[in-house]
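The values are calculated or read from the model by the stated rules, or taken from the named source; none is laboratory data. Computed from a predicted structure; not experimentally measured. FYI the Cβ positions are ideal-geometry reconstructions off the backbone, even for glycines, and counts take in every protein chain you see. Accessible surface areas use protein heavy atoms only, side chains included; no ligands, DNA or RNA. Shrake-Rupley method; radii C 1.70, N 1.55, O 1.52, S 1.80 Å.
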Amino acid sequence: MNKKQELNMFIKECITDALIKQMKIKPFHEITITELVKVAGVSRVSFYRNFKSKQDILERHLIVLIQEWGKDFEEHGKMEYFSESLLNHYYKYKDFYLLLHNQGLSNLIYDNLRCACKIDESSNNVERYSKSLVAGSIYGWVDEWLRQGMKETPQEIIKLTAPPQ
């Protein structure tokens, strides 16, 4: 990676961090781009060079996070690790996901799961509906956990939702 790419990545991180920081103290819809770039220490030009909107920042951050989970899951290579690894991912970033939920932005989590399941890349309706079922089920599971304040650990959630033996 060259210096320009490193600088651009740093600017994106500054803007993302600034938005998350501001979301902890005020509603998302009240945060302005002006205050965001001030907190981030970057120019408006830098903001618009990298993002279309505040929501775009969160969507891109969610993509980075789900890609991180994907790499972790692939390293283990076992389908039976799927649920545990996904729950561990959400738990690792618990504060961020709870922040989205508390700000009324849980729909971004659902959209991110749909993207991760590659629903739009499906070649036929059977595949689309199957992937939609998976994304919706995962979202329902995670959304309820968020609604409950994510008090349980991933291992406790797995035990709670395991079929009776």
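Within the same chain, aspartates and glutamates fewer than 8 places from Lys4 are excluded, and of the rest, those with a Cα less than 18 Å from its Cα are Glu13. For segment 1-118, calculate the relative contact order in percent as a whole number, restricting contacts to Cα pairs under 8 Å that are 6 or more residues apart. Rounded, it is 26 percent for segment 1-118. With a simple spin-label model that places each label point 7 Å from the Cα along the Cα-to-Cβ direction, the separation between Tyr93 and Glu74 comes to 1.7 nm.
Only the Cβ atoms of Lys and Arg (+1) and of Asp and Glu (-1) were treated as charged; on that basis the dipole of the chain about its Cα centre amounts to roughly 640 debye.
In terms of the Cα gyration tensor, with a ≥ b ≥ c the square roots of its eigenvalues, is the chain rounded because a/c is under 1.5, prolate because a/b exceeds b/c, or oblate? Since a/c reaches 1.5 and a/b is larger than b/c, the shape of the chain is classed as prolate. Taking the alpha-carbon centroid of each part, what is the distance from segment 45-66 to segment 3-21 in angstrom? Using only Cα atoms to place each centre, the spacing works out to 10 Å. Model label sites at Glu30 and Ser137, defined 7 Å from Cα along the beta-carbon direction, differ in position by 4.1 nm. Straight-distance candidates among the lysines for linking to Lys26, with alpha-carbon spacing under 26 Å and chain neighbours fewer than 8 residues away dropped: Lys12, Lys38, Lys52, Lys54, Lys92, Lys94, Lys151. Accessible surface comparison of Asp111, Asp72, Asp17, Asp143, probe 1.4 Å, protein chains only, largest first: the order is Asp17, Asp111, Asp72, Asp143. In the context of the full set of protein chains, residues of the chain present 63 Å² of accessible surface per residue (probe radius 1.4 Å, heavy atoms only). Radius of gyration over Kirkwood radius for segment 83-165, both on Cα atoms: the Rg/Rh ratio is 1.00.
Heavy-atom accessible area with a 1.4 Å probe sorts Val126, Val64, largest first, into Val126, Val64.
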